[in-house]
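The structure appears below as structure tokens.
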Amino acid sequence: MYYQIFEMAHAAFKPARAMADTCRIMLQHPFNPMSHTPVGRSAAAACEVFERTTRRYGKPAFDLPTTLIDGETVAVTEEIVWEKPFCRLIHFKRDIETAKLGYQPKVLLVAPMSGHFATLLRGTVETFLPDHEVYITDWTDARDVPVMGGSFDLDDYIDYMADIFRHFGGDLHVFSVCQPSVPVMAAIAHMEAIGDRNVPHSVVLAGGPIDTRVSPTAVNQLAEKKGADWFRRNVIHSVPWPSVGFGRKVYPGFLQLTGFMTMNLDRHMKAHKDLFFHLVDGDGDSAEKHREFHDEYLAVMDLTAEFYLQTIESVFVEHRLPRGVFTHRGQTIDLTKIKNIGLMTVEGEKDDITGIGQCSAAIGLCSGIPDENKQHFECPKVGHYGIFNGSRFRSEIAPRMRHFFRRFDPVTAAATARDY
């Protein structure tokens, strides 16, 4: 019922949003004398803040038309190389001859399915584009998949991962950001157990909830306290008409966003207040930074109910993977079966979503991987977002990942060993 009320409220505000946006345009027009007065600028700023806080933010574009390789600007195009109802695999194809470029490792960015779109990793893609063949999992908003498209649960997620690995014949390196860490490791363990050699050369897990019993955060404690049944009763809703996924049971993106924002409500309120004053003062650069961040942050997607509830129960409440009782299609997942990959974990000192030690727990659980093929890095002064984006990611985390990928790539391993 909440979903229907949300949609009705959004529709009810549409005329007011249109009027506010029209007033803003009129008040900001240079031929309007009011645009040059404090009153006019304040009114225009108020109209923009109102319109932005009541609009629905659609899926952003990656908007990466070029990259810089050895000082040369190279065109980049997005091509879909693999697709299923709930995911597309996008390749950021660079318009440069392979002979001129030389060999560069393939990197798969596994974007989190936790409310935001894969474009949240735009900066991550941009960082790796100059020296890697970059691919990313572009998850589909559940409200855009018709009921006849079938269900999507945690078992399906693991199957998707295994299928993607097989698509590359195992010739790739994986960067799993937060939530996907559990299904990624489960897929690899399952493949190793059945003798499937198409596992990646190396895997980097960043802020993954491998063992949420370690340094539990407020998010972990809430999930464990409430239990899956509470979430089933209180946050699962049906997609309303006229969405394509009408009737599908989902965890709505707007509820997830509400949870994100209430964790740091003062910060978000201050950000919108600052936007108002930036607009009044004519500080266009600061206002544009706010727009860019919130256009991404406020764009959210729905998750299928079955996937969300299984994740809550198995990862955050029952801790099945670290306890050795996690199953996939009835088969127990044993992380000790993983032997043929390099494993690196990354954590942020100030991460308030995934506590310190939750991700690095994978190092100990994957006892079948030789110690020399495992590595951990805790990045100082960064939170959850900073472990895959931002200046510290580019300067401290990404260089370590580049080296790690090349160390375990069959083509570059010999050269990397000499430089190590």
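The values are calculated or read from the model by the stated rules, or taken from the named source; none is laboratory data. Remember, predicted model here, so these are calculated numbers, not experimental data. We place every Cβ from the backbone using ideal geometry, glycine too, and count neighbours over all the protein chains shown. Accessible surface is based on the protein model in full, side chains and every heavy atom, while ligands, DNA and RNA are left aside. Shrake-Rupley method; radii C 1.70, N 1.55, O 1.52, S 1.80 Å.
Within region 336-345, is there a residue that is without any contact (Cβ under 8 Å) to a residue 24 or more places away in the chain and within 30 Å of residue 152 (Cα to Cα)?
No, because not a single residue in region 336-345 is without any contact (Cβ under 8 Å) to a residue 24 or more places away in the chain and within 30 Å of residue 152 (Cα to Cα).
Which members of region 281-304 meet the condition of being open to solvent by 40 Å² or more (accessible area, probe 1.4 Å), on the phi < 0 side of the Ramachandran plot and not in a helix (DSSP H, G or I)?
283
Just checking, how many residues over region 305-318 are of a type in the set (A, V, I, L, M, F, W, C) and either in a strand (DSSP E or B) or free of Cβ contacts under 8 Å to residues at least 40 places away in the same chain (or both)?
At the first step, the residues of region 305-318 found to be of a type in the set (A, V, I, L, M, F, W, C) are 305, 307, 309, 312, 315-317.
Of the ones still in play, those that are also either in a strand (DSSP E or B) or free of Cβ contacts under 8 Å to residues at least 40 places away in the same chain (or both) are none.
Residues flagged as of a type in the set (A, V, I, L, M, F, W, C) and either in a strand (DSSP E or B) or free of Cβ contacts under 8 Å to residues at least 40 places away in the same chain (or both) within region 305-318 amount to 0.
Tell me, which residue of region 1-41 that is touching a residue at least 40 places away in the same chain (Cβ under 8 Å) and under 20 Å from residue 277 (Cα atoms) is farthest from the chain's Cα centre (by Cα)? Before you say what the answer is, go through the steps one by one.
So the first thing to find is which residues in region 1-41 are touching a residue at least 40 places away in the same chain (Cβ under 8 Å), and the list is 1-4, 6-7, 10, 13, 38, 41.
Now drop any that are not under 20 Å from residue 277 (Cα atoms), which leaves 38, 41.
Working: 38: 41, 41: 36 Å.
Filtering region 1-41 for residues that are touching a residue at least 40 places away in the same chain (Cβ under 8 Å) and under 20 Å from residue 277 (Cα atoms), the one farthest from the chain's Cα centre (by Cα) comes out as 38.
Just the residues that are farther than 21 Å from residue 126 by Cβ and not in a loop (DSSP other than H, G, I, E, B), please, taken from region 385-411.
407
Give region 1-46 a look and list any residue that's part of a loop (DSSP other than H, G, I, E, B) and surrounded by 14 or more Cβ atoms within 10 Å (Cβ to Cβ), or say none.
Initial filter on region 1-46 (part of a loop (DSSP other than H, G, I, E, B)): 1, 13, 29-32, 37.
Once the filter is applied, which keeps residues that are part of a loop (DSSP other than H, G, I, E, B) and surrounded by 14 or more Cβ atoms within 10 Å (Cβ to Cβ), region 1-46 yields 13, 32.
Here's the yes/no breakdown for (1) modelled with pLDDT of 95 or more; (2) open to solvent by less than 20 Å² (accessible area, probe 1.4 Å); (3) assigned to a loop (DSSP other than H, G, I, E, B); (4) touching an Asp or Glu at 6+ places or on another chain (Cβ under 7 Å):
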site	(1), (2), (3), (4)
344	yes, yes, no, no
347	yes, yes, no, yes
353	no, no, yes, no
362	yes, yes, no, no
368	yes, no, yes, no
375	yes, no, no, no
383	no, no, yes, yes
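Can we say residue 332 is polar (S, T, N, Q), more than 22 Å from the chain's Cα centre (by Cα) and closer than 23 Å to residue 152 by Cβ?
Working: polar (S, T, N, Q): yes; more than 22 Å from the chain's Cα centre (by Cα): yes; closer than 23 Å to residue 152 by Cβ: yes.
For residue 332, the condition - polar (S, T, N, Q), more than 22 Å from the chain's Cα centre (by Cα) and closer than 23 Å to residue 152 by Cβ - is met.
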